[in-house]
Amino acid sequence: ELRTGPFRHDSAVPSACLNGDGRRVATACQDGFVRVWDADSGQVLHRYPRESDPRPAGSLGQPTFVRFSRTGSLLLACFTHDPRTNPGKETTVRIWNLATSGEQAVLRHGGYVRYAAFSRDSARVVTQADGAGARVWDVNSGQPITDWLRHDDSVAFAEFSPDGERVVTCSTDRSERI
């Protein structure tokens, strides 16, 4: 049963997710914006970059993936640039505090970030980037906690264990590592 929506965008939406209680929806849109919606009313509650941000839409890159923290208080989004039109622009994962609407951290990457996830306590984020591997980051400082977690070939996925103490990675080299 369709409860609300559809939520309308002016461009394609490559990623969407619900927060833990299902009351908020986050979307990554190819118009350059990440939006947080009220799932019942369909109203936009937050938009990033914010209207007060002096950077134009798309200047952060194209958002390709969004994910809420377990508590729903933080939101992360992976942003990438097309290397043909923006050579040298870095790929980032941006984390926003939804209570303040402020940017909490920026995780700076070299490769295309396909996936990112919060640890259970929301203190850390694991990211998976093409050509680079996986890495664990501190949410407050935006600094890496680990070196790159690599395989013999590309890391395809990375995820925290349910207790947040370990990270599992898998690769196109047909291996997994913990």
Query raised in the report: How large is ³J(HN,Hα), in whole Hz, for each residue of region 127-139 in order, when computed from phi with the Karplus curve 6.51 cos²θ - 1.76 cosθ + 1.60 and θ = phi - 60°, using x for Gly and Pro?
Result: 10, 10, 10, 4, x, 10, x, 10, 8, 9, 10, 7, 5
Requested in this report: Quick one: net charge around R120, please, counting Lys, Arg +1 and Asp, Glu -1 for every other residue with C-beta under 13 Å from its C-beta.
Outcome: -1
**Report entry** Rounded to whole Hz, the Karplus (6.51, -1.76, 1.60) HN-Hα couplings of region 34-42, x for glycine and proline
**Finding:** 10, 10, 10, 10, 7, 5, 7, 8, x
Query raised in the report: What does the accessible area per residue of the chain come to in Å², with a 1.4 Å probe and no ligands, DNA or RNA counted?
Result: 53
Report summary line: S69 neighbourhood, Cβ < 12 Å, K/R = +1, D/E = -1, net charge +4
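Based on the alpha-carbon gyration tensor of the chain, what equivalent-ellipsoid semi-axes (square roots of 5 times the eigenvalues) come out, in whole Å, largest first?
Working: eigenvalues 136, 75, 48 Å².
So the three semi-axes of the chain are 26, 19, 15 Å.
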Query raised in the report: Each residue of region 62-76 in order: what ³J(HN,Hα) in whole Hz does its phi give by Karplus 6.51 cos²θ - 1.76 cosθ + 1.60, θ = phi - 60°, with x for Gly and Pro?
Result: 9, x, 10, 7, 10, 7, 7, 6, 4, 7, x, 7, 10, 9, 10
Query raised in the report: What are the residues whose amide H is under 5 Å from the amide H of R124, where those residues sit 5 or more places off or on another chain and H is modelled from the backbone?
Result: S119, V139
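The values are calculated or read from the model by the stated rules, or taken from the named source; none is laboratory data. Small disclaimer: the values here were computed from a predicted structure and weren't measured. Please note: Cβ atoms are built from the backbone with ideal geometry, for glycine as well, and neighbour counts cover all protein chains shown. The protein model used for the area step is the full one, side chains on, heavy atoms only, and it has no ligands, DNA or RNA in it. Shrake-Rupley method; radii C 1.70, N 1.55, O 1.52, S 1.80 Å.
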